[in-house]
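Below is one structure. I have some questions about it.
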Amino acid sequence: MNLAHMTQPSLVRFDLQETRKENVIWKLTEQLYKEGYLNSIDDFYNEVLAREKLSATGFEAGLAIPHGKSAAVKKAGFAVARLSNSIDDWESIDPDNKVELVFLLAIPEGEAGSTHLNLLAELSTRLMDKPYYQRLMAAENSDEFLTALDQKDDADDTPVQETNQTVLVVTACAAGIAHTYMAAEAMEQAGKQKGVRVFSEKQGANGLEDEHTAERIKEADAVVFATDISPKGKDRFKGLPYVQTRVAAPLERGEELIEQVLNNPDGIVEGNGEETNTSSSPNKKQGILAEMGQAILTGISYMIPVIVAAGLMMGIAKLGAIPFGLVNEINDTSYATSDNELLVILHHLDKFGFLIFQFMYPIFAAFTAYSLADRVGIVAGFIGGLFAAGVHHQYWGIEDGIPSGFLGALILGLTAGYLARFLNEKIKLNKNFQAMKPMLIIPAISVLSIFLLNFYIVDPVFGGLNELLRVTIESAQGSGEVVLSTIIASATAFDLGGPVNKAAGAIAIGLAADEIFPLTSRVLAIVIPPIGLGLATVLDRFVVGRRVFDANLRVAGNTSILLGFIAISEGAIPFMLRNPLITIPINIIGAIIGSVTAVVLGAIQWYPLPAFWGWPLVENIWAYLIGLAVGSLFIALSNIFIRHALIKKGRMTIQ
């Protein structure tokens, strides 16, 4: 790709004095508009800022590549700024990155999957070459800069001792764009320095690029998986020593990774020959907790679209029912046969959203298991998720059954993955019977095991816990308003729409129906956690100067805020699944603080209307909103500061 053809001298700025990211992007946007690349300054600028909220566009060594795909772009191109003053707070994969060179990419909406990815990949790859980067920084004017953009390095005559060793690399990040390519280039450059042949496969937004062939794999000595999500087709590398690390690691220590995988690998990739059922030993360096974390993150990334789709369907139905005054009644079966066709559609749309929610835990558990055991783990994981969602109760005629919820999904999904992997490693069959293992033996044993685990342990334990909580709530009905508000709020926030939440709701609504105690603490505790966690993903970079949530959770955060305002607390479940020991206690404390604050200040809500359309019915609405703000901000700030501290200590990483 000829990069100089996609820009021009007037788009290369050496004179910018700005010290804030937003101002740099605005100046470059103005220049793109002036040169005819855009038909709207504001639309493109807002699109770029929206993209900035999704994931870091700063990298390392002073580089940043913000970009925007928009209908406001008339033709693809980019503007460049060499900054007079470096910017310290530009969010980057390297927290210490001080941005001094900025490429702003403008891509037409229709070229989002082609020009956009190709240009990002090309720039990311070239800029990892230090001599190339240094030439750009040494250019004294725009013309020299454009010349350096496409200048090829002469062959390096420095003798490097060849080792005749070959290392394969697989790179993949959550977004599948820049980091994927930069990690691959970093490993290839490190290979040149070590005298080792390095071939990289990019598993990015364009699918598998430069896929490793069977012949190349056969000749390889080892493989490095630099991935933040589970790599695809791991079974191909059966028998090779491997190292598993995060996608940013090659940018920091590429040569060290090559040395490690050749001399002190994490283990040997194991698999099932002809079948694509693969597994590998836990990463010795990262430990089993890190492996479980990666599996949970994989499950969350597949679960988030399910939550978004379900929430949107229910949200559309409830918003559409507002003019009819049927927000909470639209799910009644009587509206399925209404004379008003719009009410019929809204009723079924609401039910459809509820139906989609039933697959939230099955999808999560299935792909958590898949991350650990590949295809052989999917079936048992999916069925474990069905148990966690309580789907089995309706088929077994258990009307008052209590599902195990997100904790059950965690336990059953991880168990399914580890069990399927263990069976795949330990069961050895004659070559003629290999197909029986993934198609019959492993599914039969793993599914039966999940059934027994759920039947004898998961359902009884969590059912007993839920019953204990219900009794505790009932016994507290005679307590003072602060104590009762505390108990109801904590139980409501505990599992975000799960069985404990529902038990608290049943009792709280009963108390309100008998005019014993209002629903104030109940309705606030429904909306405070999703709004608070969503705010955390928005405020983190302003509070501590950097992102503390990965790209998947930032997307979930935006959805969580929206769903929180319409009283769907499930939008916050991805946060609980990812870090339950952090999120659950903070949710409970935040819900208690917000609810008790509102109650003490005099807020009263007798109606089961936690969504924003029920707020006008609250007595002393100002006190209610203060409680909502206090609880939400506590959750947001607590999550931000705790995660930031863990990141600084190296106990947590983000993409």
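Efficiency by 1/(1 + (r/R0)^6): what FRET value for residue 620 and residue 164, r their Cβ-Cβ distance, R0 = 60 Å, to the nearest 0.05?
Numbers: r = 79 Å, r/R0 = 1.31.
So the FRET efficiency works out to roughly 0.15.
List 520, 227, 147, 166 from most exposed to least, where exposure is judged by having the fewest other Cβ atoms within 10 Å.
Lowest to highest Cβ neighbour count: 147, 166, 227, 520.
Related question: Using Cβ counts within 10 Å as a stand-in for footprinting exposure, how do 351, 426, 34, 74 rank, fewest first?
426, 34, 74, 351
Under the definition of Cα pairs under 8 Å and six or more residues apart, what whole-number percent is the relative contact order of the chain?
9 percent
Sticking with this structure for a sec: Any idea what % of Cα-Cα pairs in segment 476-648 are farther than 31 Å? Walk me through the numbers on the way to the answer.
Working: 1759 of 14878 pairs.
For segment 476-648, the fraction of Cα-Cα distances above 31 Å is 12 percent.
Taking a ≥ b ≥ c as the square roots of the eigenvalues of the Cα gyration tensor of segment 330-459, is the shape rounded (a/c under 1.5), prolate (a/b larger than b/c) or oblate?
prolate
Please give the calculated 222 nm ellipticity per residue for the chain, where each DSSP H segment of at least 4 residues contributes -39500 (n - 2.57) and the sum is spread over every residue; nearest 500 deg cm²/dmol?
Counting only the DSSP helices, I get -17500 deg cm²/dmol.
Hey, another quick one. Which distance in nm do the two modelled labels at residue 193 and residue 151 give, with both placed 7 Å along the Cα-to-Cβ direction?
2.2 nm
To the nearest 10 degrees, how steep is helix 341-357 against the longest Cα principal axis of the chain, on a 0 to 90 scale?
70 degrees
OK, next. Counting only GluC sites (Glu not before Pro) that sit in a DSSP loop (anything but H, G, I, E, B) with at most 13 other Cβ atoms within 10 Å, what is the longest stretch of the chain containing none of them? Kindly include the intermediate steps, with their values, before the conclusion.
Details: sites that count: 140, 162, 274, 329, 399, 515.
With a cap of 13 other Cβ atoms within 10 Å, the longest stretch comes to 516-655.
Further, regarding this structure: Relative to a virtual label point 7 Å from the Cα of residue 75 in the Cα→beta-carbon direction, which members of segment 24-48 show backbone nitrogen distances below 17 Å?
31-40
Another question, if that's okay. Need one word for the chain: rounded, prolate or oblate. Basis is the Cα gyration tensor (sqrt eigenvalues a ≥ b ≥ c); a/c below 1.5 gives rounded, then a/b vs b/c decides.
Cα axes put the chain in the oblate bin.
Report the gain in length on full extension from residue 89 to residue 334: 0.36 nm times residue separation, minus Cα-Cα distance, nm rounded to one decimal.
82.6 nm
Can you compute the modelled spin-label distance between residue 601 and residue 433, with each label point 7 Å from Cα toward Cβ, in nm?
About 7.0 nm separates the two model spin labels.
Hey, another quick one. Would you mind checking the tilt of helix 442-453 against the longest principal axis of the Cα atoms of the chain, expressed as 0 to 90 degrees and rounded to 10?
The angle comes out at about 40 degrees.
Multiplying the sequence separation of residue 345 and residue 214 by 0.36 nm and subtracting their Cα-Cα distance, what value in nm do you get?
That works out to 41.9 nm of additional length.
Continuing with the same structure: Any chance you could run the full-extension gain for residue 35 through residue 252? It's 0.36 nm times the residue separation minus the Cα-Cα distance, nm to one decimal. Before the final figure, lay out each step's value.
On the way: separation 217, 0.36 × 217 = 78.12 nm, distance 3.78 nm.
That works out to 74.3 nm of additional length.
Pairing the Cα long axis of helix 405-426 with the longest principal axis of the chain, what angle in degrees results, from 0 to 90 and rounded to the nearest 10?
Helix 405-426 sits at roughly 50 degrees to that axis.
Another question about this same structure. Can you work out the PRE-style zone for residue 481? Point 7 Å along Cα to Cβ, and I want the residues of segment 621-642 with backbone N under 17 Å.
Correct set: 621-628.
Suppose R0 equals 41 Å; then what is the FRET efficiency for residue 268 and residue 319 from their Cβ-Cβ distance, rounded to the nearest 0.05?
For residue 268 and residue 319, the calculated efficiency is 0.15.
Throughout, read-outs are computed from the coordinates displayed, never taken from laboratory work. Model, not experiment: these values are computed from the prediction. Quick reminder, even Gly has a Cβ in these numbers, built from the backbone with ideal geometry, and neighbours come from all protein chains shown.
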